[in-house]
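> Take this structure first; my questions come after.
The values are calculated or read from the model by the stated rules, or taken from the named source; none is laboratory data. All values derive from a computational prediction rather than experimental measurement. Positions of Cβ are generated from backbone atoms using ideal geometry, with glycine treated the same way; all protein chains shown enter the neighbour counts. To get the accessible areas, we keep the full protein, side chains included, count just its heavy atoms, and leave off ligands, DNA and RNA. Shrake-Rupley method; radii C 1.70, N 1.55, O 1.52, S 1.80 Å.
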Amino acid sequence: MNWFLIIITVVIAILVLLVSLYLVVHFQHPEDRNQAWLPKLVVLLGFSVAFWTILLFPLDVANQQACDFDVPLSSCSTMPMKELWYAMYIANMAIVFIAVPFCIFYYEADSEWSVFRRYLSGFLWALGTVFVVGMLIGIPYAFVGYAEYDVQGAVSGLLPVSYLEDPSYNYSRCIGLFASYDQEANRPIRGGPGRGANESLASGGYFCDTFSNTVANEVWKVRVSIIVYAMAVVATLGWILFLVFGGIGLVALPIDWIREFIRRPKATITRSQYIDRARDLARRAKDILALGDALRQEERERGRSWRWRRNIKALNTQLLVLEEDEEQLELVYPQSEDPDYKWVLTVMGFWLKFFGGLLGLAMSICWVLQIILYILIDPPVTPLLNEVFIKANDAFPLFGTLLFGLFAFYLQLAVTKGNFKFGLNLLIFRVHPMRRGATIMSSFLFNVALILLATTASIQFCATAFALYADGTAVYDIFGNQLTSIMGLKYIYTENIFIYAMLAFMLLTLLFVLIRGPDRWKRTKLEDVYAM
């Protein structure tokens, strides 16, 4: 057993838990502080499972490489990776389809209801969700829950061992598959097809040399387990989210970090300047409040017209701009017992984002090259990152695994960034947006469910992109062999439909960022909102 690998695994798991706790604390709404403990626990566990799942991949690779190549894994004391993958995906589906629906409807229940009634409401909604998902998975599994493999069938006759002692036997001929055979005498019956009486069988290719026969292409169909089929269906649903969030995040994550550095405050302001800006923020807040009252009055008198909805959207945008300007004001006028120390930390944070943005930009470019040169082009032009990881392992044990884990972890960060930046955007409005210091628990729960679903596709994508490096691992057996061969789903993966769509989202995001610039759409003048 590789104890060093176990220690690294435990340490990383604890760090991921702390990062998840930071996200909950940093994004939660002030009204949810010191309450809503059950939804917070589910959110914390959901974020942790999402990152644990993606980091389980490099652990699987390291576990597979822990033994010598001439020792099979069954004879080597290694971690039960296939069981760990099953457990992680069961936990993923339990959080998405049971815990999240229960907590959302418990949290959103009428505050005047009793605790029992709120628990009952959450339980019934979770039960209904499980029933619907069970039907969507169980019914197709009963009819098409098979994996289809394209194989080449080979046909050969049999050569009895006793005939090796008979020098007169013609070894170019053997017992045909349908030859008459004397079991007691352990030899073919005289006059039968085994000794040349039936030349048609011998001339038809029933020799002992299989390669002398005509090889036929066949389809081998085998039933997969219900767990693997559920993982395949959930991963396919997750791809719809992954291609959007991953495509946006791989472009937006490094660019946003670099732009935050470029637009960083260069120096602090004086107290008088702080007071002037604070008064301006107060004035804008009062104007927004007055405009909100006017729109509320219009809703009562005329209803929710198309013009009213457009003005509400613009008003919400101005509210977001006000909150961002307040955050910027807090940055340039640090308030603490040691303002200079806080300002130094702020400056260091921007420089870290700058170097992180440069590193992220390089990694995003590497991901695009890996997709094009290794996945889409058949045969691959170059193994690219696969070869880099293998050579890194040759240079220093586990170094290639750590590098591989860095790319997988960055991909998950990009998915999370895409979720936070885009969310469930319905073009006209966003459902459950994620905002720092203003995210209610129902939005947290909803977005955690989306990230968990997208994570299932992230694993399958990594198994495809790093097939050469991950060969022989448990996850590659599940996602590289079984999932891409399941009836009804394999054509989506063999034709790379999702990957082409992901590249399209990356291109659209890049064009949008370059053309529109950093959130220019937000800077609508407040006095123009109601005139729309």
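> What is the local net charge at residue 494, summed over the other residues whose Cβ is closer than 14 Å to its Cβ (Lys, Arg +1; Asp, Glu -1)?
Details: positive: 490; negative: 148, 150, 378, 495.
With Lys, Arg at +1 and Asp, Glu at -1, the neighbours total -3.
> If one computes P(r) from the Cα atoms of the range 274-414, what percent of pairs lie at distances over 27 Å? Intermediate values should be presented prior to the final figure.
On the way: 5657 of 9870 pairs.
Cα-Cα pairs in the range 274-414 separated by more than 27 Å: 57 percent.
> Among 122-135, 436-449, what's the highest-first ranking by average C-beta atoms within 10 angstrom per residue? If you can, show how the numbers build up before the last one.
Numbers: 122-135: 14.6, 436-449: 21.2.
Descending mean neighbour count gives 436-449, 122-135.
> Dipole size in debye (nearest 20) for the range 250-322 around its Cα centre, Lys and Arg Cβ +1, Asp and Glu Cβ -1? Mind showing how you got there, number by number?
Details: 18 positive and 9 negative charges, 15 e Å.
Roughly 80 debye for the range 250-322.
> Which entries in the list 40/82; 266/342; 266/353; 286/313 go over 20 Å, if you measure between the two C-alpha atoms of each?
Values: 40/82 30 Å; 266/342 14 Å; 266/353 15 Å; 286/313 18 Å.
As for pairs spanning more than 20 Å Cα to Cα, those are 40/82.
> Ranked highest first by the average count of other Cβ atoms within 10 Å around their residues, in what order do 321-331, 412-422 fall?
Working: 321-331: 14.8, 412-422: 22.6.
Taking the mean over residues of other Cβ atoms within 10 Å, the ranking is 412-422, 321-331.
> To the nearest 20 debye, what is the magnitude of the charge dipole of the range 284-342 about its Cα centre, counting +1 on the Cβ of each Lys and Arg and -1 on the Cβ of each Asp and Glu?
On the way: 11 positive and 14 negative charges, 186 e Å.
The dipole magnitude comes to about 900 debye.
> With labels modelled as points extended 7 Å from the Cα through the Cβ direction, what inter-label distance (nm, one decimal) is found for residue 471 paired with residue 319?
Placing both labels 7 Å beyond Cα along the Cβ direction yields 5.6 nm.
> Could I have the simple spin-label model distance between residue 326 and residue 347, label points 7 Å from Cα toward Cβ, reported in nm to one decimal?
2.8
> So if R0 is 22 Å, what FRET efficiency would residue 495 and residue 139 give, r being the distance between their Cβ atoms, rounded to the nearest 0.05?
0.30
> May I ask you to order 368-381, 246-259 by the average number of other C-beta atoms within 10 Å around their residues, highest value first?
Details: 368-381: 14.8, 246-259: 23.8.
The packing order, highest mean first, is 246-259, 368-381.
> Next question, about the same structure. Share of the range 342-403's accessible area from carbon and sulfur, percent, 1.4 Å?
Details: 2830 of 3520 Å².
Carbon and sulfur together cover 80 percent of it.
> May I pose another question? Out of residues 5 or more away from residue 486 or on other chains, whose amide H comes under 5 Å of its own, with H placed 1.01 Å from N in the peptide plane?
148
> Figure the gain on full extension for residue 266 and residue 282 (residue separation times 0.36 nm, minus the Cα-Cα span) and round it to one decimal in nm.
On the way: separation 16, 0.36 × 16 = 5.76 nm, distance 2.42 nm.
Going from the current span to full extension adds 3.3 nm.
> Computing the accessible area with a 1.4 Å probe over protein heavy atoms, can you report the carbon and sulfur percentage for the range 270-330?
On the way: 2130 of 4200 Å².
Carbon and sulfur atoms account for 51 percent of the accessible area of the range 270-330.
> Also, quick follow-up: Please give the FRET efficiency for residue 94 paired with residue 119, using the beta carbon to beta carbon distance and R0 = 22 Å, rounded to the nearest 0.05. Before the final figure, lay out each step's value.
Numbers: r = 18 Å, r/R0 = 0.81.
With a Förster radius of 22 Å, E is 0.80.
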